[in-house]
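Enquirer: Quick one: structure below, then a few questions.
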Amino acid sequence: AYLQAQLRPGDLVVSVYLSDTGIAYYAADYGMNETNCVYVRTREAFDRVLSENPRDKLWMVTTLHRILGIEFPEITDRLRAEWTPVRVFPATLGDGELTVWRSK
């Protein structure tokens, strides 16, 4: 619901790695589909989304940050260096907070 309220025409939700399960589960209920939501599970897909879209149109979503950092440290490093967390939603699972990022 937060993302639905924030999205403007042309914006794209980028569900990074393990956040895709939750986003996919709720996406249709909140108006997200293949036109405004993309799932990335590789560094190549992450890089492609960044190269093909203006950063001010992207909303990155991550969860399980420790696992993301182990599997894709370069993505974690780029997020921390180039993006700002704008909203963090708590989770019952340790390290499962859902973080929404915007470009710095």
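Enquirer: What translational diffusion coefficient, to the nearest whole µm²/s, does the chain have by Stokes-Einstein, given a Kirkwood radius computed over alpha-carbon pairs, a temperature of 20 °C and 1.002 mPa s viscosity?
Expert: It comes out at roughly 157 µm²/s.
Enquirer: What is the percent carbon and sulfur in the accessible area of the chain, measuring with a 1.4 Å probe over the protein chains and ignoring ligands?
Expert: 53
Enquirer: Can you tell me, using C-alpha contacts under 8 Å and at least 6 residues apart, the relative contact order of the chain as a whole percent?
Expert: Relative contact order for the chain comes out at 28 percent.
Enquirer: Now for a different question. List every residue whose amide H lies under 5 Å from the amide H of residue 91, counting only residues 5 or more places away in sequence or on a different chain, with H placed 1.01 Å from N in the peptide plane.
Expert: Residues meeting the amide H criterion: 97.
Enquirer: Check each of the GluC sites (Glu not before Pro) in segment 28-80 and keep only those in coil by DSSP with at most 16 other C-beta atoms within 10 angstrom; list them in order.
Expert: Answer by residue number: 34.
Enquirer: Let me ask something else. Please turn the phi angles of segment 35-41 into ³J(HN,Hα) values with the Karplus equation 6.51 cos²θ - 1.76 cosθ + 1.60 (θ = phi - 60°), one per residue in order, whole Hz, x for glycine and proline.
Expert: For segment 35-41, the Karplus-derived couplings read 7, 10, 8, 9, 10, 10, 10 Hz, x marking Gly and Pro.
Enquirer: Per DSSP helix of 4 or more residues, -39500 (n - 2.57); summed, then divided by the residues of the chain. What does that give at 222 nm, rounded to the nearest 500?
Expert: So the helix-based figure for the chain works out to -10500 deg cm²/dmol.
Enquirer: Between the alpha-carbon centers of segment 54-104 and segment 1-26, tell me the distance in whole angstrom.
Expert: Measuring centre to centre over Cα atoms gives 12 Å.
Enquirer: Just flag the chymotrypsin sites (Phe, Trp or Tyr not before Pro) in segment 49-104 sitting in loop per DSSP whose Cβ has no more than 16 other Cβ atoms within 10 Å.
Expert: Of the chymotrypsin sites (Phe, Trp or Tyr not before Pro), not one in the loops of segment 49-104 has a Cβ with at most 16 other Cβ atoms within 10 Å.
The values are calculated or read from the model by the stated rules, or taken from the named source; none is laboratory data. All of these numbers come straight from a predicted model, not from anything done at the bench. Ideal geometry is used to build each Cβ from the backbone, glycine not excepted, and the neighbour counts take in all protein chains shown. What goes into the accessible areas is simple: the full protein's heavy atoms, side chains included, and nothing from ligands, DNA or RNA. Shrake-Rupley method; radii C 1.70, N 1.55, O 1.52, S 1.80 Å.
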